[in-house]
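Peer 1: Here it is, the structure in full.
The values are calculated or read from the model by the stated rules, or taken from the named source; none is laboratory data. None of these values were measured; they are calculated from a predicted model. Ideal geometry is used to build each Cβ from the backbone, glycine not excepted, and the neighbour counts take in all protein chains shown.
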Amino acid sequence: MSSAARSFAIIPACGESRRMGTDKLLLRWKDSTILETVIAAWQASQVDHIFVVIPQSRTELQKLLQVLPVHIVLADPRPVDMKGSIQVALRMIQEPFEPTSDDTWLIAPADMPTLSTATIDQVLKVAANMPGQIVRPSSGGKHGHPALFPWKLTEEVFNLAEHEGLNVLAQRYPPFDVTVEELGEDVDTPEDLKQLQTDQSIDPSSK
C-alpha cells in the first residue's frame, strides 16, 4: 500500500432494531448515544473518510449526523441486509473519490459501542504492510470488527449472489487475523445492552 493510499470506513446503520423494541442507535451510552460513540471511535482513528448508511426515512438520524464530520449516505429503499448497505456506500465512494487498488474500505456495525480506536488502527497498520489482503481483528480464537478489504475486491461485492454475504469473500481470500486484546460487542436486545453496560461499569439509569 502506498503512502497515498486512502481508507474508507463504512458504518451500516439501516437495521430496524426489532429485537431492541426502539431505535437502539439513539439509546444512551455513557454521555452520548450508541451511534455517536461508534463514530467517535472512527474519528479518533487513522481512517481517512467515514461513511454512514441510513434509510432516507430516518430523519432523526440525519439530524444527528449532520453536525458530525461524516459522509451521510441516504438509502432508498432501505437495504434488506448489511451487504446491501455496503453496496450503497461503495457506489457513493466510487464517483467522487475514484479509489485505486491501493485504497481500502473497512466495515463495523453501527451498534457496537465498544468498538476500539486502537483496534481500528492496528488493522490499518497491518494492512499497510500487506497490500491486497483482507485483514480483521481476532481475540481468543474469534474474529470481529472492523474487517478491512482491499479496493480491488469491490467489484466482487456487487457480483455476490442474493443469498451470499461478505463471508463469501473471506472464504475465497482467507483474511489475515490481527491479535487484539478484546473485540467490540454489538447490542441487539435490551438484555445485551444491560449486560454490556454492566461489563463496562456504566449506570444503566443514566440518561
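Peer 1: Please work out which one of (1) assigned to a helix (DSSP H, G or I); (2) modelled with pLDDT of 95 or more is the condition Glu60 fails and give its number.
Peer 2: (2)
Peer 1: Taking the stretch 1-27 only, how many residues are under 19 Å from Glu191 (Cβ atoms) and modelled with pLDDT of 90 or more? Even if it seems obvious, please write down each step before you answer.
Peer 2: We begin by selecting, within the stretch 1-27, every residue under 19 Å from Glu191 (Cβ atoms); these are 15-27.
Next cut, modelled with pLDDT of 90 or more only: 25-27.
The number of residues fulfilling the criteria is 3.
Peer 1: Which one is surrounded by the most Cβ atoms within 10 Å (Cβ to Cβ) among residues in the stretch 162-202 that are β-branched (Val, Ile, Thr) and under 22 Å from Ile11 (Cβ atoms)?
Peer 2: Here the answer is Val187.
Peer 1: Identify the residue in the stretch 42-57 that is under 14 Å from the mean Cα position of the chain (by Cα) and assigned to a strand (DSSP E or B) and, among all such residues, is farthest from Pro146 (Cα to Cα).
Peer 2: Per the criteria, the residue is Ile54.
Peer 1: Here's another thing I want to ask about it. Out of Ala127, Ala89, Ala110, report the one residue that is in a loop (DSSP other than H, G, I, E, B), closer than 23 Å to Asn167 by Cβ and small (Gly, Ala, Ser). Walk me through how you get there before you give the answer.
Peer 2: Numbers: Ala127 fails: in a loop (DSSP other than H, G, I, E, B); Ala89 fails: in a loop (DSSP other than H, G, I, E, B).
After applying the criteria, what remains is Ala110.
Peer 1: For the stretch 108-137, give me each residue that is hydrophobic (A, V, I, L, M, F, W, C) and either closer than 13 Å to Ala40 by Cα or surrounded by 22 or more Cβ atoms within 10 Å (Cβ to Cβ) (or both).
Peer 2: Of all residues in the stretch 108-137, those hydrophobic (A, V, I, L, M, F, W, C) come to 108, 110, 112, 115, 118, 120, 123-124, 126-128, 130, 134-135.
Hits for the stretch 108-137 are Ala108, Ala110, Met112, Leu115, Ala118, Ile120, Val123, Leu124, Ala127, Val135.
Peer 1: Helices (runs of 4 or more DSSP H) wholly in the stretch 134-207 with at least 1 residues that are among the acidic types (Asp, Glu), farther than 18 Å from Thr104 by Cα and under 20 Å from the mean Cα position of the chain (by Cα) - which ones?
Peer 2: 190-199
Peer 1: Further question on the same structure: What pairs can you find where one residue is in the stretch 81-102 and under 18 Å from Ile50 (Cβ atoms), the other is assigned to a helix (DSSP H, G or I), and their Cβ atoms are less than 7 Å apart, with a gap of 6+ or different chains?
Peer 2: Once the first residue is under 18 Å from Ile50 (Cβ atoms) and sits in the stretch 81-102, its partners that are assigned to a helix (DSSP H, G or I) give Ile86/Val157; Gln87/Val157; Gln87/Phe158; Leu90/Thr154; Leu90/Val157; Pro99/Ile93; Pro99/Trp151.
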